[in-house]
Amino acid sequence: MTRSEFISHAALVIIFVLAGLAIFPFYWMFVTATTSDANMFAASPQLVPSLSQLGIFAQIFEEGAVKTWLANSFIIAAGTTVLTLALAIPLGYAFARFPFWGKAGVGIGLLVTQMLPEAVLVVPLFSIFSPLGLLNSYAGLILANTAFTLPVITWILKNAFDTVPVEIEEAAVLDGCTGINALVRVVLPVIMPSVAASAVIAFFHGWNEYVFALTFITNDTLKPASVGLAGFIGEISTPIQSVMAVGVVYTLPAVALYLLMQRFIVSGMAAGSVKG
Amino acid sequence: MIDRRNLMAGVAALALLGSVAAAAAEPAEISFAASMLGEPLRGPLLTALVEEFNQSQDAVHVTPVTTPFSSFGTTMFTQMGGGGGPDVIAFDQPNIYAAAEAGLLVSLDEVVDGVTLLPGNNSLIVDGVQYGVALDISNYALIYNPTLVTKVPTTFDELVAEAKAQTKDGVYGFAFRHTQAEEAGVWYDLSNYVYGNGGHWAVDGNPTINSAETIAGVTAYKTLYDANVIPKGADAATYRRMFAEGKIAMMIDNGGIPTVLKGTNPDAAIAAAPAPLPTKAIGQVMAALAINGNSKSPDAAKAFMKWFLTPETQAKVQGFLGGSTAATPIARTKEELEKAPYIEVFDSLGDVALPFMPQGLEAETPQVRNIVVEAVMRVLAGQTDVAAAMNEAQSQVEALR
């Protein structure tokens, strides 16, 4: 075996090990969800899924609440994604293209907001949202989530806009495009991988968010899956198989979205992070 | 002849009357939050009871609010701190003190006037004002599997020996909470050994964390931990389920647990006995109903609470609480005791059971709990000995005052 073959094989082994480490928690959730009561606390743990127990996945959907939670999560995550992109694209473009007084300060100020944990902001936001009627609403959660995703997405897109030569826009304007048309028809398609990556980041944040959803939503019909799932864990009993089954189902849409977009994400991150 | 001005005034008066009539017809909307509402067994029964109240009258409509147990206290305080939150809240006992001292609760003196409450409710009086009434009161005792444990331990040494003997073939002899992640649960379990050894966390507002009796209690807790008789790493929900499946022989737990175990596995073998500790003193846990000071309809909330304290409702509540009791004295039925004879053991401990709060430092319970449990975690990890850890905790708690 040559040195390069050895390195190649070693790299493959490392990749398999890392992939195994990444996949194992998901596999273990699936195995636990399909473990019978009798085997749950057996001396030797069950290592492979029991196909006879797959009915648990039908059971969790029979109650109806899980479907509602997932639908709510999707609405909140999609709303967060759309609003974040709608605000971050012009903001990132302005940071990349236009000189204005205090630009550096505003940019740093945006990043500083990332240093505040949600737990610090939850009480003031609750006080603001209450008189505005934004509690117990998708709009309130989407706004709160967007406040957290907007700074980082703005910076990602700002870096992506920086990589697009301004001459391309100038050529488009010479050909008759307005400034906004040049942004939408010429620049955005070039940075589409970064936009896709940003969309995934915003969607994941909205999908996984817990603290705001827990505090701002008291109406059971509006609760997202993150809060619903936590509700399974009780003071004196926890239906372990149900928790794992809902956990598997809860993870699937996010994993599917990531798999769908991963090519864009990798190239998008690279495009946004390398200038010149 | 009706002129235009009179016509308009008449229309306005009619509109006002109509809106008042409509308002009178609309029931006052209030919300009720309790972590019990989310439990798979007792939750639906409590929800059904709330619905029964809604059906019984037209003036008030109560909407149950489920909040995950793990975040219940912090979520309620966050919402209340922001000027909102549910109207009626079932708090853990120490939270009543914290909320009352922050001026976040409504006095229930009017609600409990003329109602005979169990003595445990006295612990919900803060500065002479009744701020809470019990949803359930649960005393702790030794819960054991009678098919595994044939000779019930009556001393701590017998308990350790029996736990060691039972730990084999995938069965653990004992179980209790022992991780920082379950800080409140560790505090409850630890307190049982402290109380059972004659100790207290505080007396008349003075911390007694490093007293000989308290140290003896913590040492007993550590002795069981070191004996390798518990499923280390298992949380309470897991090991209770293990008990229901016959994988745990004994545990010191509260009176509400057997009902949950039976709900998990109707065939679970369950018996109870007083905890085998040097004194009879043992812990008592309580969830207490309180009215949020931010409530827009405090009178409606009081009406719900008054209904909740009626003998008929209390009998129904106690009916699904198992070995726990409701807020008022409700006699056990013959059928109830025949079906679950262990209930008598829990009921018999009412006179010796103590709340899990340092006496005189009730409002500081979360801080004291955090200091003590962190110290005990260091002891379990072998980083320090019990006496040194308790001395340090004593100093830290004294610094709080």
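Positive contributions from Lys and Arg (+1) and negative ones from Asp and Glu (-1), summed over other residues with Cβ under 13 Å from the Cβ of B:Tyr97, come out at -4. Taking amide hydrogens as placed 1.01 Å from N in the peptide plane, the amide H of B:Gln130 sits under 5 Å from those of B:Leu108, B:Asp109, each at least 5 positions away in sequence or on another chain. Applying the Karplus relation 6.51 cos²θ - 1.76 cosθ + 1.60 with θ = phi - 60° to the stretch B:138-144 yields 3J(HN,Hα) values of 10, 8, 9, 7, 7, 9, 9 Hz, where x marks Gly and Pro.
Model label sites at A:Leu47 and B:Ala331, defined 7 Å from Cα along the beta-carbon direction, differ in position by 6.1 nm. The residues of the stretch A:1-108 expose on average 63 square angstrom of accessible surface per residue, using a 1.4 Å probe on protein heavy atoms.
Taking every C-alpha pair closer than 8 Å and separated by at least 6 residues, the mean separation divided by the residue count of the stretch B:270-345 gives a relative contact order of 32 percent.
Taking amide H as placed 1.01 Å from N in the peptide plane, the amide H of B:His61 sits under 5 Å from that of B:Ala28, B:Glu29, B:Ile30, each at least 5 places away or on another chain.
Taking chain A as a Gaussian network, where each spring joins two C-alpha atoms under 10 Å apart, which residue of A:Tyr27, A:Tyr258, A:Tyr138 fluctuates the most? With Cα springs under 10 Å in chain A, the top fluctuation among A:Tyr27, A:Tyr258, A:Tyr138 is at A:Tyr27. Rounded to the nearest 10 degrees, the inclination of helix B:365-380 to the longest alpha-carbon principal axis of chain B is 30 degrees.
Residue by residue along B:167-179, Cβ atoms of other protein chains within 10 Å of the local Cβ number 1 on average.
If you take all other residues with their beta carbon under 12 Å from the beta carbon of B:Asp299, and give Lys and Arg +1 and Asp and Glu -1, the sum is +1.
Other protein chain C-beta atoms within 10 Å of residue C-beta, averaged over A:235-246: 6.
Extension gain for B:Glu101-B:Lys164 works out to 18.1 nm (0.36 nm per residue, less the C-alpha to C-alpha distance).
For chain A, the 222 nm mean residue ellipticity estimated from helices alone, with every DSSP H stretch of n ≥ 4 adding -39500 (n - 2.57) and the total spread over all residues, rounds to -24000 deg cm²/dmol. Across the stretch B:227-235, coupling constants 3J(HN,Hα) worked out from phi with the 6.51/-1.76/1.60 Karplus curve, θ = phi - 60°, read 6, 6, 10, 10, x, 5, x, 6, 7 Hz, and Gly and Pro carry x. Take the Cβ atoms of B:Lys151 and B:Thr279, set R0 to 25 Å, and the FRET efficiency comes out at 0.70. Straightening the chain between B:Asn391 and B:Gln57 buys 114.6 nm, computed as 0.36 nm per residue apart minus the Cα-Cα spacing. Taking Cβ atoms as reference points and 15 Å as the exclusive limit, the residues near B:Ile343 contribute a net charge of -3, counting Lys and Arg as +1 and Asp and Glu as -1.
Chain A contacts chain B over a buried accessible area of about 2500 Å², both sides summed; the probe is 1.4 Å and only protein chains count. With a Förster radius of 51 Å applied to the C-beta separation of B:Thr384 and A:Asp175, the computed FRET efficiency comes to 0.10. Would you please give the residues with an amide H less than 5 Å from that of B:Gln284, counting only those at least 5 places away or on a separate chain, with H modeled from the backbone geometry? So B:Gln284 has HN proximity to B:Leu354, B:Phe356. The B:Ala212 and A:Ala254 beta-carbon pair, evaluated with R₀ = 60 Å, returns a calculated FRET efficiency of approximately 0.65.
Phi angles across the stretch B:283-295 convert, under the Karplus curve 6.51 cos²θ - 1.76 cosθ + 1.60 with θ = phi - 60°, into 3J(HN,Hα) values of x, 9, 10, 8, 9, 10, 7, 9, 9, 5, x, 7, 4 Hz, Gly and Pro given as x. In the full protein context, chain B carries 41 Å² of accessible surface per residue, based on a 1.4 Å probe and ignoring ligands, DNA and RNA. When the solvent-accessible area of chain B is split by element, carbon and sulfur atoms take up 55 percent of it, the probe being 1.4 Å.
Modelled this way, with points 7 Å down the Cα-to-C-beta line, the labels at A:Ala104 and A:Ile168 are 2.8 nm from one another. Measuring nothing but protein heavy atoms, the accessible surface of chain A at 1.4 Å probe radius is 74 percent carbon and sulfur.
Across chain A, the relative contact order, built from alpha-carbon pairs under 8 Å that are at least six residues apart, equals 30 percent.
For the stretch A:59-273, the mean projected area of the C-alpha convex hull, equal to one quarter of the hull surface, is 14.5 nm². Dipole size of chain A about its Cα centre, with +1 on Lys/Arg Cβ and -1 on Asp/Glu Cβ: approximately 420 debye, rounded to the nearest 20.
Ordered from highest to lowest accessible area with the whole protein assembly present and a 1.4 Å probe, B:Lys302, B:Lys151 read as B:Lys151, B:Lys302. From helices alone, chain B scores -14000 deg cm²/dmol at 222 nm; the rule is -39500 (n - 2.57) for each run of n ≥ 4 DSSP H residues, then divide by the residue total. Spin-label model, A:Glu63/B:Asn228: points 7 Å from Cα along the beta carbon direction are separated by 3.9 nm.
The values are calculated or read from the model by the stated rules, or taken from the named source; none is laboratory data. What you see is a predicted model, and the numbers here were worked out from it, not measured in a lab. All Cβ positions, glycine included, derive from the backbone under ideal geometry; neighbour counts span all protein chains shown. Accessible surface is based on the protein model in full, side chains and every heavy atom, while ligands, DNA and RNA are left aside. Shrake-Rupley method; radii C 1.70, N 1.55, O 1.52, S 1.80 Å.
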